[in-house]
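The next block holds one structure in the form of structure tokens; read it before the comments.
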Amino acid sequence: MSKHQIDITKKVMSKIKTEQIKMKPKWYFWLGSFAMFIALIGLIVTLIFLVSLITFSLRSHGPMGAVRYQQIISSFPWWAPIIVVVGLITGITLLKKYDFSYKKNFLFIVFIFISAVLLSGILIDVLGFDNLWIKRGPMRRFYQQYNGDNKQELNNTILNSGRGKRHFQ
Amino acid sequence: MRACLGRYNNIDIKMKDLKKLTDEQIVEIVRTKDKELYLEIVIRYQKKLLRYAENLIQDKPKVEDAVQESFIKAFINLNSFDLKMKFSSWIYRIVHNQVMNTFNKNKREMPLLDNIDFDSGHNLELDMSKKEIQERVNKCINKISVMYSEPLSLYYIEEKSYEEISDILRLPVGTVGTRINRAKAMMKKICQNIK
């Protein structure tokens, strides 16, 4: 056995014996895996919700006519697509950390992940769940805020300008 | 060093029995009963890991540091090792990561040989025996990019299977095969003058 091999053995074992290095407990790794799993699920749910919000906002504003163009620009949730893109990148990074990812075609996993998020978000809009959520549920206020037919924003503008005070009083 | 093992053990494991134990069985004992039995793991792997790391970095002190640090990291994270997996793949993976960290720290320029034209589909094993390839790998592994030399050294020098290399490098098995074939083609072009 050569000298450097003995040195490595001695150094490693002395660190273990003197407890300079300690094994991390099992719960530490379980907690890490659990947190990563929850983060991934949470991220997927958030992304689906945001995609649904984007499609809902686009649909409720109607066709992109010149009249409605300013309205869609002013009330469109621009932060949502930015979060969706950042979230997708984070999701792909999280997926890559999972042990199985290199055993499959990673591009295929990415394709499935993005497709699932986009399709689920669009399906929520097509099936009319967002129309239910605008009336009741915890997301009611959120959807109302980006509803193109919502008159609240228009009313506030008129009230603030003073022109509609009499009408609304 | 191996003779000292009896002193480290608090549990009743005879030397003969110890040799019969698999890596995974030893890991379980280290985790649950006797952490000092980790010595057996170090003895079993240090030579192989030093050789593997030496094929990636040619700086001996850095190789030793990387292997030592890998053993320490492996011990600290031993509870994360899944006993259903192969321990050798797990510890080789740790060394691989450690070597890559060394590369990044030192910003070492790896040889990029993108301009070399090679045919990945050609089966070089028809032209050369495994022993001949092993000899060539030993001689000129440092002449080709780490991306290709690493799977090549794992296959021919460390004698790992494609599945094991896939687990160590976290690459699909198909990619491992492609890289090994390309590495062989590169080696044939670059190393033909080295004897």
_I'd like the interface area for chains B and A: accessible area of each alone minus the complex, both sides summed, 1.4 Å probe, protein heavy atoms only. What is it in Å² to the nearest 100?_
2700 Å²
*asked:* Using the basic label-point model (7 angstrom from Cα toward the beta carbon), what is the B:N138 to B:N104 distance in nanometres?
replied: 3.4 nm
*Using the beta-carbon distance between A:T46 and A:K104 and R0 = 25 Å, what value does 1/(1 + (r/R0)^6) give for FRET efficiency, to the nearest 0.05?*
0.55
_How shielded is A:23-29 by partner chains, expressed as the average number of their Cβ atoms within 10 Å of its Cβ atoms?_
4
*Could you rank A:F129, B:F75, A:F108 by how accessible they are, 1.4 Å probe, largest area first?*
A:F108, A:F129, B:F75
*For the pair B:E163 and A:T90, how long in nm is the line joining their label points, each one 7 Å along Cα→Cβ?*
3.7 nm
*Residues of B:68-80, mean number of Cβ from any other protein chain within 10 Å of their own Cβ, rounded to a whole number?*
5
*Average partner chain C-beta neighbours within 10 Å, per residue of B:39-46?*
3
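The values are calculated or read from the model by the stated rules, or taken from the named source; none is laboratory data. Given the structure is predicted, the values throughout are model-derived calculations rather than measurements. We place every Cβ from the backbone using ideal geometry, glycine too, and count neighbours over all the protein chains shown. Areas reflect the complete protein model, heavy atoms only, side chains present, ligands, DNA and RNA absent. Shrake-Rupley method; radii C 1.70, N 1.55, O 1.52, S 1.80 Å.
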